[in-house]
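S.K.: Before we start, here is the structure in question, set down as structure tokens.
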Amino acid sequence: MISIYSVWALILAYLIGSIPTAVWIGKSFYGVDVREYGSGNAGATNTFRVLGKKAGIPVMLIDILKGYAATSLAFFIGLSVTGPHHSVQFVNYQLALGITAVMGHLFPIFAGFRGGKGIATLTGMILAVHLQASLLCILVFLLVLLITRYVSLSSIAAGFTFPLSTIFVFHVSVRSIIVYGMCICVLILVTHQKNIERLMKGKESKVNFFKKKVV
């Protein structure tokens, strides 16, 4: 059942996702629009690359919080819309809110619809939907990052870990979560197409977390 509250929640989820953390922090504290440097994306990875860890860490944490907060709006909607907590109906509504927030991050209304790739916001979303699988994804991300120092490759590996872990490790029975996980893989491949090309050519930039800033 669709209610005015569920519609407003979806709008709010989009607005939360649209908060251009990288752009606002870059402009407010460094006088820099990160979209004009590095990869041109308004996300945590490019912020690390352009402005360093002091800017990158807050951007990453806030972007994760965006996804988690938007997805958690499901707890404030009536049971007639979401069903009991942890029911299939409830999880489906969580996914709808989270996906809406990710779209907000990709196409933020507050930053001319030029956003990031949504990885941190996706992380916050899956933290709210399936904690164990998301923690495994974070572990894979950190391991690949420590070994390769490629954030893009780490993001791709973590993204593929989610659907595989929900199927083979945690044996999730909610089909929408599995389908969503597969959609994550497609989204990551699409948004990281240029990164994949650079990786194959050996031209992808590695992140130096000890560098203060490059602009």
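S.K.: Could you tell me which residue out of Ser205, Ile177, Leu122 lies farthest along the dipole of the chain toward its positive end? Charges go on the beta carbon: Lys and Arg +1, Asp and Glu -1, centred on the Cα centre.
M.R.: Farthest along the dipole direction, towards plus: Ser205.
S.K.: Here's another thing I want to ask about it. Suppose a student asked you for the relative contact order of the stretch 4-201, using Cα pairs under 8 Å spaced at least 6 residues apart; what percent would you report? Could you put the intermediate results ahead of the total?
M.R.: Values: 306 pairs, mean separation 40.8, N = 198.
Once normalised by length, the contact order is 21 percent.
S.K.: Also, quick follow-up: When the Kirkwood radius is taken over all Cα pairs of the stretch 59-140, what Stokes-Einstein diffusion coefficient follows at 20 °C and 1.002 mPa s, in µm²/s?
M.R.: Numbers: Rh = 12.9 Å.
Calculated translational D: 166 µm²/s.
S.K.: For the stretch 4-201, compute Rh as the Kirkwood radius over C-alpha pairs and then the Stokes-Einstein diffusion coefficient at 10 °C and 1.306 mPa s; write the answer in µm²/s, rounded to an integer.
M.R.: 94
S.K.: I'm a student and want to see the number: the projected area of the Cα convex hull of the stretch 96-138, averaged over all directions, in nm².
M.R.: Spelled out: convex hull of the Cα atoms, projected over all directions, averaged, 2.9 nm².
S.K.: Quick one, could you list the DSSP H helices from the chain stretching 18 Å or more along their long axis (Cα atoms) with average Kyte-Doolittle hydropathy of -0.5 or above?
M.R.: Flagged H segments are 4-17, 53-71, 88-106, 131-148, 151-168, 175-191.
S.K.: Given q = 0.22, 0.25 Å⁻¹, what are the Debye log10 I(q)/I(0) values for the stretch 104-172, with equal point scatterers placed on the Cα positions and solvent ignored?
M.R.: After summing over all Cα pairs, the log10 values are -0.91, -1.03.
S.K.: What translational D, rounded to a whole number of µm²/s, comes out for the stretch 9-86 from Stokes-Einstein when the hydrodynamic radius is the Kirkwood one over Cα pairs, at 20 °C and 1.002 mPa s?
M.R.: In µm²/s, the coefficient rounds to 157.
S.K.: Can I ask one more? Please report His130, His85 as a ranked list, fewest other C-beta atoms within 10 angstrom at the top and most at the bottom. It would help to have the intermediate numbers written out before the result.
M.R.: Working: His130 23, His85 11.
Starting with the residue having the fewest Cβ neighbours, the order is His85, His130.
S.K.: At 222 nm, what helix-only mean residue ellipticity would the chain give, in deg cm²/dmol to the nearest 500, using -39500 (n - 2.57) for each DSSP H run of four or more?
M.R.: So the helix-based figure for the chain works out to -22000 deg cm²/dmol.
Computed from the coordinates by the stated procedures, all read-outs in this text should not be read as laboratory data. As the structure is a prediction and not an experimental result, all values here were calculated from the model. Every residue, glycine among them, receives a Cβ derived from its backbone with ideal geometry; neighbour counts consider all protein chains shown.
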